[in-house]
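Shown next, in structure tokens, is the structure this report addresses.
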Amino acid sequence: QVQLVESGGGLVQAGGSLRLSCALSGRTFSNFAMAWFRQAPGKEREFVVAISWSGGAPYYGDSVKGRFTISRDNTKTAVYLQMNSLKPEDTGVYYCAAGDRLSKVLRGTGDYWGQGTQVTVSS
């Protein structure tokens, strides 16, 4: 059974940084494309970034381009999201998703999802 566990969320002031981690267990990590989504209170889930199983050029949502960076370590079966220059509008629950195809995670239809980690950016 595949399990995704996110960590690294917290409270940070605007302009600060956080690094989220997502660890996958139960299957071969390198088989999966990975993505991060977020959901703010009262809003729909929003795509943040996705990366293929091979770690090729990531796809970023427009609102985070230039500030967020995704990376993956297939030896540690984890994907990371470095978030810099955080803004209050980045506040939300951040979810990690895994899919056997990049197209799935890009569409938000990943095969597996984590429980989420809360990120709060104060102004």
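The values are calculated or read from the model by the stated rules, or taken from the named source; none is laboratory data. No experiment lies behind these values; they were computed from the predicted model shown. Glycine also receives a Cβ, built like all others from the backbone with ideal geometry; neighbour counts cover every protein chain displayed. Side chains are part of the model used for accessible areas, which takes the heavy atoms of the whole protein and leaves out ligands, DNA and RNA. Shrake-Rupley method; radii C 1.70, N 1.55, O 1.52, S 1.80 Å.
Modelled spin-label separation between R19 and Q118, with each label point placed 7 Å from Cα along the Cα-to-Cβ direction: 2.4 nm. Rounded to the nearest 20, the size of the Cβ-charge dipole of the chain about its Cα centre is 140 debye, with Lys and Arg at +1 and Asp and Glu at -1.
Per residue, segment 48-110 exposes 47 Å² of solvent-accessible protein surface, assessed with a 1.4 angstrom probe and all protein chains in place. Applying 0.36 nm per residue to the separation of N74 and S7 and subtracting their alpha-carbon distance, the gain on full extension is 22.4 nm. Within segment 1-107, which trypsin sites (Lys or Arg not before Pro) sit in a loop by DSSP and count at most 12 neighbouring Cβ atoms inside 10 Å? Here the sparse-neighbourhood loop sites are K43, K65, K76.
Here the 3J(HN,Hα) profile of segment 34-44, calculated from phi with Karplus coefficients 6.51, -1.76 and 1.60 at θ = phi - 60°, is 10, 8, 10, 10, 9, 9, 8, x, x, 10, 6 Hz, Gly and Pro shown as x. Expressed as a whole percent, the accessible area of the chain that falls on carbon and sulfur atoms is 47 (1.4 Å probe).
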